[in-house]
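Enquirer: Here it is, the structure, as structure tokens.
The values are calculated or read from the model by the stated rules, or taken from the named source; none is laboratory data. Since we're looking at a predicted model, the values are computed, not measured. Positions of Cβ are generated from backbone atoms using ideal geometry, with glycine treated the same way; all protein chains shown enter the neighbour counts. Note: areas computed on protein heavy atoms with side chains; ligands, DNA, RNA excluded. Shrake-Rupley method; radii C 1.70, N 1.55, O 1.52, S 1.80 Å.
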Amino acid sequence: MKKIKIGLMLSFSLIVLAACGNVASSSGASGISKNNSSSGYQTTGQTSDSNYEGVIKSGKYLTSKSRGVALTQNENVLNLKSFESGLLDLSKSQFATNDYIFQEGQYLSKETVQNWLSRESGSNSEGLNPKDNGKTGETERNPMYVQQLEEQDFMTKKDNKMALAGISLGIGMNSVDYYQKEEYGAQYKTEISDATMKEKGKEAANKVVARFRKTKGVSDSVPIMVAMYKQASNDSLVGGSFYAYAVNKNGKTTIDSWKDVSITSYTFPTTSSATTPNTNDETTFTNFKTEVQSFFPNLAGVTAQVQYKNKAITGMHINITSQFYGETEIVSFTQYLATTAAKYLASGIPIDITVKGSDGTIQSFLAKSAKDSSYYTHVFTSY
């Protein structure tokens, strides 16, 4: 049985902190009163309608009870980031940011998640992964199918107290299962077909929902959204993607129907084997890259991560590695990036650009929302 690791996954902490904003102490619609001694709850405040307020209890941010639990084989950190941020985005389609307050998962403990992510065995009847059949061949062994579990809770204010009003559960499924035949030995892998992955994913989802419905504090009236995620391989330059979701209501212990999710991620420039839904998007990025590199040749790399939903581009993260050392160079470069990006890159989608030095230090940052035509810029300096 594979070991489970417990670590602090900073990616989701950053996501939540960015989403939550500043602490609010008002008792209006945007927060629960700091002085509400009957409940002991506050909210973090809301910096924009697109983000949730978060829960503060007894003066401290309420962290997840199962934070940081995943199988040891997850070596692609991009899987962790896209899994958690993608689940939050899907949650927004079910639990509106203006109507619900976000709370880190409080019903799945670390021990529970450890047991569920492990193999089923004589000592662990709750394992979502199949029993070890003792075989080590790529096609003969029983692979580990379920890789990650994530719980997100959504609250409403009721009688000056927090009330659970919705739950989102993310289940990450392996497309490739990595393993060792002996401790510290060579790494092998078992490829998992999409058909098998989806079949095993539905089985796991039904088990998870049935268990949640028996959990104290989760009433039959609380809807549970379950979202299925396909892990990218360890050598992928992008994370995986969600492929289906379902909403379980009225206390049902099974999921009746699923809805497909068409979300995919790519890198620009693409590899020879990758084909994006719209080649024009890569062409505009290539023009941007060429323009930037022609004026500022001291660049080690210009790459982008892009996401598509239903074959339409929905966002772009650009990373630029420079060999600039002078602050005036960085300022000039950042200003030029803002002008060139507005000229060449797609409009109507959020885009951010991070400029790093060769040592990994962030030198400047640019960003715009889907509604903006110009970029916010910030150069990191020192006194």
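Enquirer: If you take the residues in region 346-360 that are under 13 Å from residue 320 (Cβ atoms) and assigned to a loop (DSSP other than H, G, I, E, B), which one is modelled with the highest pLDDT?
Expert: 357
Enquirer: Let me ask another. Would a scan of region 216-224 turn up a residue that is within 20 Å of the chain's Cα centre (by Cα), under 17 Å from residue 245 (Cβ atoms) and not in a helix (DSSP H, G or I)?
Expert: Scanning region 216-224, I find at least one residue that is within 20 Å of the chain's Cα centre (by Cα), under 17 Å from residue 245 (Cβ atoms) and not in a helix (DSSP H, G or I), so the answer is yes.
Enquirer: Before we move on, is residue 41 at pLDDT 50 or above, within 22 Å of the chain's Cα centre (by Cα) and under 18 Å from residue 163 (Cα atoms)? Break it down stepwise before answering.
Expert: On the way: at pLDDT 50 or above: yes; within 22 Å of the chain's Cα centre (by Cα): no; under 18 Å from residue 163 (Cα atoms): yes.
In short, no.
Enquirer: Without any contact (Cβ under 8 Å) to a residue 24 or more places away in the chain and open to solvent by less than 50 Å² (accessible area, probe 1.4 Å) - does that describe any residue in region 318-336?
Expert: Yes, because at least one residue in region 318-336 is without any contact (Cβ under 8 Å) to a residue 24 or more places away in the chain and open to solvent by less than 50 Å² (accessible area, probe 1.4 Å).
Results for (1) basic (Lys, Arg); (2) touching a Lys or Arg at 6+ places or on another chain (Cβ under 6 Å); (3) in a helix (DSSP H, G or I), shown as yes or no for each residue.
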position	(1), (2), (3)
89	no, no, yes
92	yes, no, yes
96	no, no, no
99	no, no, no
112	no, no, yes
126	no, no, no
134	no, no, no
138	no, no, no
141	yes, yes, no
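Enquirer: Turning to a different aspect of this structure: Just wondering, is there one or more residues in region 177-187 that are surrounded by 14 or more Cβ atoms within 10 Å (Cβ to Cβ) and under 24 Å from residue 65 (Cβ atoms)?
Expert: No - not one qualifying residue is present in region 177-187.
Enquirer: Further, regarding this structure: Return the total of residues in region 225-268 being in contact with a strand residue (DSSP E or B) (Cβ under 7 Å, 6 or more places away or on another chain) and either among the acidic types (Asp, Glu) or farther than 20 Å from residue 77 by Cα (or both).
Expert: Residues flagged as in contact with a strand residue (DSSP E or B) (Cβ under 7 Å, 6 or more places away or on another chain) and either among the acidic types (Asp, Glu) or farther than 20 Å from residue 77 by Cα (or both) within region 225-268 amount to 14.
Enquirer: Moving on to the next point. Of the numbered conditions (1) surrounded by 12 or more Cβ atoms within 10 Å (Cβ to Cβ); (2) touching a residue at least 40 places away in the same chain (Cβ under 8 Å), residue 139 satisfies every one except a single condition; which is it?
Expert: Condition not satisfied by residue 139: (1).
Enquirer: Return only the number of the condition from (1) modelled with pLDDT under 85; (2) surrounded by fewer than 21 Cβ atoms within 10 Å (Cβ to Cβ); (3) farther than 30 Å from residue 369 by Cβ that residue 28 does not satisfy.
Expert: (3)
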